[in-house]
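Accompanying notes for the structure given below.
Read-outs throughout are calculated quantities, based only on the coordinates presented, and are distinct from any laboratory measurement. Just so it is clear, the structure is predicted and the values come from calculations on it, not from any experiment. As a convention, Cβ positions derive from the backbone with ideal geometry for all residues, glycine included, and neighbour counts pool all protein chains shown.
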Amino acid sequence: MSDKKASGQPPKDSGPDMNRRTLLKAGLATGGAAASAAALSGAAMADSDRLITEIQDWNRYLGDGVQANPYGMPSEFEAHVVRRDVEWLTASTESSINFTPLHELDGILTPNGLCFERHHGGVAEISPADHRLMINGLVDTPLVFTMEDLKRFPRENRIYFLECAANSGMEWRGAQLNGCQYTHGMIHCVMYTGVPLKYLLEEAGVKTTGKWVMPEGADSSAMTRSIPMEKALDDCLVAFKMNGEALRPEQGYPLRLVVPGWEGNMWVKWLRRLEVGDQPWHQREETSKYTDLLASGKARRFTWVMDAKSVVTNPSPQAPITHGKGPLVISGVAWSGNGKITRVDVSIDGGRNWKTARLDGPSLPKAMHRFYLDIDWDGSELLLQSRAMDEEGFFQPTKDELRIARGENSIYHNNGIQTWHVKGDGTVENVEVA
Ligand SMILES: Nc1nc2c(c(=O)[nH]1)N[C@H]1C(S)=C(S)[C@@H](COP(=O)(O)O)O[C@H]1N2
Ligand SMILES: [Mo]
């Protein structure tokens, strides 16, 4: 692009010192303000808007040809749409987490490059030719598969969300982080292609005493969890593709376990081994981690299912209202590890009154659902909330209800209702209503 422009000497009719980008920004700013003032009557401002009355650079010069980017990237104007981390949260980046920019997305699928990452020992670098998956333990025939072997089993395509059990964990005692990326961004939803785990277990032949499966990762953390056999034989996948292309290294390339609806920690990445046993193993990640200390002093364990939850993604602290009063699209996502979302309600007054939102896009079990509520905003302050209901009849609880049931010291499985305080100027803050 830039070399074409240099050789073509663009005429200076778009303002002497303005480059294309500042022009576009300025144009958008004027357009936006005028649009809200004129109650969205676009035609009324055509005379004064140079972006429509004058020919622009991009209309005048040849653009990049094919193959300028053999693997495509988003527009340079979308450079702010990235995963982000919170530096003070963890001591190292290798055992850490970053967050999906939910406020910049729409629909139900997460683009691969924006899926949050959670690693306990950094990203393992594995050549698929060198990758092996072993099944051992209480099986008739211990087996080792190559990637090529795995791709000869019948495969399935399924869309599922993955939520870390610690998602919203920092919000347990009160509103803390300013943005749904940080409060709710330990989630992604993609289409996986993989082999049902059932087929691989059948190939090895599970002994009648085999009641549990332990997946193990090939990364330096050697992540291990205990999964009951019923789940392993139900809907788990051994996946090698996400959204049609190979898994990203961050997401477990070349192979990861998919455990639909259950906490993200069990979805072992860089999957190298599946052990079959007669009882759970009580690994670190199911004892000292991923258990919930209750007020009684006892801890809940094996809390696998991610319950019904939702959040308004727009407006939200990182996505304030910039267009003034009038038509406002309130949007968000909802999900449940129990199945489909059947209803999402939205409140603009902190939970006193609720309106049923419009679900749009595919409604699939254990996948994200997209909801909208289209309102006419009068410019007054809002306390925005959403609450989801799933096909098992579970309603998303308030944070107070959660704390009454589980005490003050939990981290995991916070599916409490989120509140955003929208101010008259359109800015938004994370708050809690008592
Ligand atoms: N091998 C391995 N698998 C792993 C982890 C890991 O550190 N190593 N982290 C787990 C945790 S805690 C979560 S929440 C998910 C995160 O998956 P993602 O990085 O694709 O978002 O992977 C799980 N699987
Ligand atoms: Mo996690």
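A few notes on this one:
- The chain - mean residue ellipticity at 222 nm from DSSP helices (-39,500 (n - 2.57) per run, n ≥ 4, rounded to 500): -3500 deg cm²/dmol
- Near-label residues of the range 244-274 by backbone N, under 13 Å of a point 7 Å along Cα→Cβ of GLU156: 258-261
- For the chain, the share of DSSP beta bridges that are antiparallel, to the nearest 5, is 95%.
- Helical segments meeting 15 Å axial Cα length and Kyte-Doolittle -1.0 threshold in the chain (DSSP H): 20-37
- 20 °C / 1.002 mPa s Stokes-Einstein diffusion coefficient of the range 48-162, Kirkwood radius on C-alpha pairs, µm²/s: 108 µm²/s
- Cut-off 20 Å (backbone N to label point 7 Å along Cα→Cβ of VAL144), residues of the range 264-282: 270-276
- Simple spin-label estimate for SER92 and HIS80 gives 3.4 nm between the two label positions (7 Å along the Cα-to-Cβ direction from each Cα).
- In terms of its Cα atoms, the chain spans 79, 57, 39 Å along the principal axes, sorted from long to short.
- Efficiency of FRET between THR322 and ALA129 - r from beta-carbon atoms, R0 60 angstrom, step 0.05: 0.75
- Take 338-344, 361-367 and order them by the average number of nearby Cβ atoms within 10 Å per residue, most first; the result is 338-344, 361-367.
- Relative packing of 178-186, 235-243, which averages over residues the other C-beta atoms within 10 Å, highest first: 178-186, 235-243
- A Förster distance of 30 Å, applied to the separation of the beta-carbon atoms of ARG352 and LYS298, puts the FRET efficiency at 0.25.
- Backbone geometry of the range 89-103 corresponds, through the Karplus equation with coefficients 6.51, -1.76 and 1.60 at θ = phi - 60°, to 3J(HN,Hα) couplings of 5, 10, 7, 9, 7, 6, 10, 7, 8, 10, 10, 5, x, 4, 6 Hz, x marking Gly and Pro.
- Compactness of the range 275-375 - radius of gyration and Dmax, Cα, Å: 19.1, 62
- Fluctuation leader among GLY337, GLY137, GLY217 - the chain, Gaussian network, Cα springs under 10 angstrom: GLY137
- Of LYS340/LYS399; LYS211/LYS269; LYS198/LYS269, pairs whose Cα-Cα distance is over 20 Å: LYS340/LYS399; LYS211/LYS269
- Across the range 213-224, computed HN-Hα scalar couplings (Karplus, 6.51 cos²θ - 1.76 cosθ + 1.60, θ = phi - 60°) run 10, 10, x, 10, x, 8, 7, 5, 8, 6, 3, 9 Hz from first to last residue, x flagging Gly and Pro.
- Solution diffusion estimate, µm²/s, Stokes-Einstein, the range 309-431, Kirkwood Rh from C-alpha pairs, 4 °C, viscosity 1.567 mPa s: 87 µm²/s
- When the P(r) of the range 360-428 is calculated, the portion above 21 Å amounts to 45% of the C-alpha pairs.
- Each 5 Å bin from zero up to the one holding the largest Cα-Cα distance in the range 175-244 carries the following percent of pairs: 4, 12, 16, 17, 19, 13, 9, 6, 3, 2, 0.
- Model label zone, THR208; criterion: amide N under 19 Å from point 7 Å along Cα-to-beta-carbon; scope the range 227-267: 229-230
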